[in-house]
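Just below is one structure, and these are the notes that go with it.
The values are calculated or read from the model by the stated rules, or taken from the named source; none is laboratory data. Because the structure is predicted, anything quoted here is derived from the model rather than measured. Neighbour counts run over all protein chains shown; Cβ positions are idealised from the backbone, glycine included.
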Amino acid sequence: MPLKYALIHEWLTPKATGGSELVVQEILNHINADLYALIDFESSNPKSYLYQRQIGTTFLQNLPYARNGIQKYLPLLPLAIEQLDLRQYDVILSSSHAVAKGVITTPEQLHICYCHSPMRYAWDLTFDYLQQSQLGNGVAGWVTRYLLHRLRQWDVLTANRVDYFIANSEHTARRIWRCYRRKSTVIYPPVNVEAMPFLAQKEDFYLIVSRLVSYKQVSLIVRAFNQLQKPLVVIGTGPQMKYLRKMANSHIQILGWQPDDVVKKYMARAKAFVYAACEDFGIALVEAQACGTPVIAYGAGGALETVQDIRSYIDTGTGIFFKAQIEAALVEAVEKFEMYQNAFNPEYLRSHASQFSRQVFSDRYLNFLDKCSKKRPSLE
């Protein structure tokens, strides 16, 4: 008798289009699983691959303004995810960057969690969250800190509900160990390398594609290029849009949100792709390399696993790192890049990116799932 699969993700909305959603899509391409989420506004979206699909949700679906994001209901997320009744399934697959791994399972079920990141609100971005939500001061600040403390406790507790962890990078695997003291297997997320247009001849501008939020450090890039007086194109939207447009000099274009085909064209034509955030993996960095476009990136996190600094790999370099998230370090890296720019091999960049393709992901993920299932005789 075939096994019954359930796949759980945090939220499915038109604004959620990052790497975690690509993982969900790729899993569904290969596994016949029922899909669950805290909220779902994609099955009613005619442009979505989930259009008219049956998706199980929670009480958060009906709360005011849920469509625009449920981070505002952060204290309710653990309660909501625990209301999903998944007892009818043999295998639980969670795609988790917040609370999806916290679903309640039975001893007879197999639970495999693809962890994009331990919950950032509770761990790495605690103080950013307090500052940006304006809940860091006074009585509200103490209440919020207490709720985050309890959220961390719940997050660690629910790590014990997972049989096997998959991490999206070695960087994330170290964070999983630090937060949960659990080992994990690294399977890089799928990048649609084949869909990225390749151009060997580049134009005279730099590019950043990112959500315009503080931890992405786009303001650092804009300030550095103000100093450099070199052309920069910024694609993306977010709460820092007005702030960035106000600070940017005339040689910097801030285009806001753009459709995928426009983003791909800019990515293929750019002299280099610039990135200043510490990402768990960083799909955009791989997409740029698939276009034959070198990367100038902050040398931390997943970038260290996807980019090869040309100063260390003179024949196979795919970018240049800068060591600190400060303007002077980025300015120096851009100047170094221009010294080396003729040494980059666009064809090699494309080849290098292919190791992170959708096919590589699906092969490794399905093989891992098969091995884990065989270790659980009750599922045979």
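Here are a few things to note about the model shown:
- Being touching a strand residue (DSSP E or B) at 6+ places or on another chain (Cβ under 7 Å), in the same structural domain as CYS115 (by TED's automatic domain parsing) and surrounded by fewer than 16 Cβ atoms within 10 Å (Cβ to Cβ) holds for only one residue in ASN45, ASN62, ASN32, ASN68, and it is ASN32.
- Pairs, first farther than 20 Å from GLN359 by Cβ in the stretch 8-35, second of a type in the set (Asp, Glu) and crowded, with 19+ Cβ neighbours inside 10 Å, C-beta under 6 Å, six or more apart: LEU12/ASP40; LEU12/GLU42
- LEU79 falls short on exactly one of the conditions (1) over 23 Å from the mean Cα position of the chain (by Cα); (2) assigned to a helix (DSSP H, G or I); (3) crowded, with 18+ Cβ neighbours inside 10 Å, and that condition is (3).
- Test: residue in the stretch 276-283 that is on the phi > 0 side of the Ramachandran plot and not aliphatic (A, V, I, L, M): yes
For every residue, the table says whether it meets (1) over 24 Å from PHE361 (Cβ atoms); (2) modelled with pLDDT of 95 or more; (3) in a loop (DSSP other than H, G, I, E, B).
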| position | (1), (2), (3) |
| --- | --- |
| THR17 | no, no, yes |
| LEU22 | no, no, no |
| ASP34 | no, yes, no |
| TYR49 | no, no, yes |
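- Close contacts from the stretch 48-77, counting a first residue that is on the phi > 0 side of the Ramachandran plot and a second that is surrounded by fewer than 14 Cβ atoms within 10 Å (Cβ to Cβ), with Cβ to Cβ under 8 Å and a gap of 6+ residues or different chains, come to TYR65/LYS72; GLY69/LYS15.
- Residues of the stretch 192-216 satisfying the condition of being within 16 Å of the chain's Cα centre (by Cα), closer than 17 Å to ILE283 by Cβ and not aliphatic (A, V, I, L, M): ASN192, SER210, ARG211, TYR215, LYS216
- Scanning the stretch 249-274 for residues that are among the aliphatic types (A, V, I, L, M), within 15 Å of SER210 (Cβ to Cβ) and touching a Phe, Trp or Tyr at 6+ places or on another chain (Cβ under 8 Å) gives ILE252, MET267, ALA270, ALA272, VAL274.
- Residues of the stretch 339-350 that are surrounded by 14 or more Cβ atoms within 10 Å (Cβ to Cβ) and either within 26 Å of ASN226 (Cα to Cα) or over 26 Å from the mean Cα position of the chain (by Cα) (or both): TYR340, GLN341, PHE344, ASN345.
- Of all residues in the stretch 82-113 being outside any strand (DSSP E or B) and of a type in the set (Val, Ile, Thr), the one that is nearest to GLU21 (Cα to Cα): VAL99
- Checking THR293 against (1) β-branched (Val, Ile, Thr); (2) farther than 25 Å from GLN217 by Cα; (3) outside any helix (DSSP H, G or I), the condition it does not meet: (2)
- All of ILE55, ILE70, ILE8, ILE31 fail the test of being under 18 Å from the mean Cα position of the chain (by Cα) and more than 23 Å from GLY238 (Cβ to Cβ), apart from ILE8.
- The stretch 153-176 residues that are under 20 Å from PHE356 (Cα atoms) and crowded, with 19+ Cβ neighbours inside 10 Å, paired with ones that are modelled with pLDDT of 95 or more and among the aromatic types (Phe, Trp, Tyr) (beta carbon under 7 Å, 6 or more apart): ILE166/TYR114; ILE166/PHE368; ASN168/TYR188; ASN168/PHE281; SER169/TYR188; SER169/PHE281
- Within the stretch 235-252, tally of residues that are more than 16 Å from GLU327 (Cβ to Cβ) and assigned to a strand (DSSP E or B): 1
- Per-region count, the stretch 302-355, residues closer than 20 Å to ASP280 by Cβ, without any contact (Cβ under 8 Å) to a residue 60 or more places away in the chain and not in a helix (DSSP H, G or I): 9
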